Amino acid sequence: MDPKHSDKAIITPVKTSRTPQLGPVAALLGTKADFAVLRRRLLPKETRPRQLFTGCLYTAAQKFGQFAVAGPFMGAPAAVMFLETLIAWGVRRLVYFG
C-alpha cells in the first residue's frame, strides 16, 4: 500500500443522542414502488419519516419488536451508505427488496 494514502473512511456512521431507536431488523428498499408498498403494509399511517441521505427512514414498534424501513436509493454506493448507517445504529438483520 502506498504510504501517502490511508484507509480512513470518507463517511463514518456513528450513533448519537439524536439517532433513532432501531431494533435488530430492518428492510432496505431499492425502489419507490417497493418502498411505498412495504411502508403501507408494515407501518402505522401516523409514522413520520426521518431523512436519511437521499431517502427516508421509518421506524415503528411491531408485534415482533422495533422495525425500520429505509430507502429508496439509487446505486450500490448509496446502498452501502444506508447499510453501514443502519448497522452503526443497531440493525443486525437486513431484508433487501428491489
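The values are calculated or read from the model by the stated rules, or taken from the named source; none is laboratory data. What you are looking at is a predicted structure, and each value in this text was computed from that prediction instead of being measured. When we count neighbours, we look across all protein chains shown, and the Cβ atoms used for this are built from the backbone with ideal geometry, even at glycine. For accessibility, only protein heavy atoms count, side chains too; no ligands or nucleic acids. Shrake-Rupley method; radii C 1.70, N 1.55, O 1.52, S 1.80 Å.
Using the structure shown, decide if residue 20 is surrounded by fewer than 18 Cβ atoms within 10 Å (Cβ to Cβ), assigned to a loop (DSSP other than H, G, I, E, B) and modelled with pLDDT of 85 or more. Considered against the rule, which asks whether it is surrounded by fewer than 18 Cβ atoms within 10 Å (Cβ to Cβ), assigned to a loop (DSSP other than H, G, I, E, B) and modelled with pLDDT of 85 or more, residue 20 comes out as yes. Taking the numbered list (1) out of contact with any Ser or Thr (no Cβ under 6 Å at 6 or more places or on another chain); (2) open to solvent by 60 Å² or more (accessible area, probe 1.4 Å) in turn, residue 98 passes all entries but (1). Being surrounded by 12 or more Cβ atoms within 10 Å (Cβ to Cβ) and part of a strand (DSSP E or B) is the filter here, so list the residues in segment 35-60 that pass it. Result: 50, 52, 55, 56, 57, 58, 59, 60.
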